[in-house]
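The values are calculated or read from the model by the stated rules, or taken from the named source; none is laboratory data. Source: prediction; values computed, not measured. Neighbour counts run over all protein chains shown; Cβ positions are idealised from the backbone, glycine included.
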Amino acid sequence: MKNVVSFIEMQTRQVMEFHDITEKVREAVKKSNVKEGLVNVFTQHTTCCVKINEFEEKLMQDFYQFLEKRVPQFEKYGHDINPVDGRKNAHSHLKSLILNTSECIPLQKGELLLGTWQRVFFVELDGPREKRKVIVQVLGE
Ligand code: ZN
């Protein structure tokens, strides 16, 4: 079995951002030369997520509102009292609890088996940041 790991890097510009990385994941899969198996898309950040959903402009706004309503940015949180990295980002950590750090996608005949409306998103919850990283691990034959 092959195990091919690659990275997608990006810069983020807003506090919260949904980045459609589907085509970059497809490129990573193509380069891996694995045809049958699984693709795991994973982020090492504690204030970012990877999530599969639909890309539609108004829905993007709904995503932001949904998260902000549940975990408002300007509330009082324990993590913000004396932040180790100087960032008052408790809301970002809490939002990431609702989402995931990874998504696993089946791979068949070299193609991601995503549904018609499914896209892979990297979700920034504590931007803007100079460099964010996503790991694409392709496992199989
Ligand atoms: Zn923090």
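Quick notes on this one:
- Flag if Leu38 is away from the ligand (no atom under 15 Å from the Cβ), in contact with a Cys (Cβ under 8 Å, 6 or more places away or on another chain), not acidic (Asp, Glu) and not in a loop (DSSP other than H, G, I, E, B): yes
- Close contacts from the stretch 81-93, counting a first residue that is within 12 Å of Val15 (Cα to Cα) and a second that is β-branched (Val, Ile, Thr) and within 10 Å of the ligand (Cβ to nearest atom), with Cβ to Cβ under 7 Å and a gap of 6+ residues or different chains, come to Asn89/Thr47; Ser92/Thr47.
- Summed over the stretch 57-80, the residues that are without any contact (Cβ under 8 Å) to a residue 24 or more places away in the chain and part of a helix (DSSP H, G or I) give a count of 11.
- Scanning the stretch 51-98 for residues being within 16 Å of the ligand (Cβ to nearest atom), surrounded by fewer than 13 Cβ atoms within 10 Å (Cβ to Cβ) and within 17 Å of the chain's Cα centre (by Cα) gives a total of 1.
- Some residue of the stretch 12-26 being assigned to a loop (DSSP other than H, G, I, E, B), in contact with a Pro (Cβ under 7 Å, 6 or more places away or on another chain) and away from the ligand (no atom under 16 Å from the Cβ): yes
- Residue among Thr101, Thr43 that is surrounded by 19 or more Cβ atoms within 10 Å (Cβ to Cβ), in contact with a Ser or Thr (Cβ under 6 Å, 6 or more places away or on another chain) and of a type in the set (Ser, Thr, Tyr): Thr43
- The criterion of being in contact with a helix residue (DSSP H, G or I) (Cβ under 8 Å, 6 or more places away or on another chain), modelled with pLDDT of 95 or more and within 22 Å of Arg13 (Cβ to Cβ) holds for Asp126.
- Matching residues, the stretch 99-134, being aliphatic (A, V, I, L, M) and within 11 Å of the ligand (Cβ to nearest atom): Leu125
- Residue match in the stretch 98-119 (condition: in contact with a Lys or Arg (Cβ under 9 Å, 6 or more places away or on another chain) and polar (S, T, N, Q)): yes
- Every residue from the stretch 86-100 that is polar (S, T, N, Q), modelled with pLDDT of 95 or more and over 10 Å from Cys48 (Cβ atoms): Asn89
- Taking each residue of the stretch 107-125 that is small (Gly, Ala, Ser) and looking for partners that are surrounded by 12 or more Cβ atoms within 10 Å (Cβ to Cβ) with beta-carbon atoms closer than 6 Å, six or more apart or interchain, yields Gly110/Lys35.
- Residue tally, condition among the β-branched types (Val, Ile, Thr) and farther than 16 Å from Thr46 by Cα, over the stretch 117-141: 3
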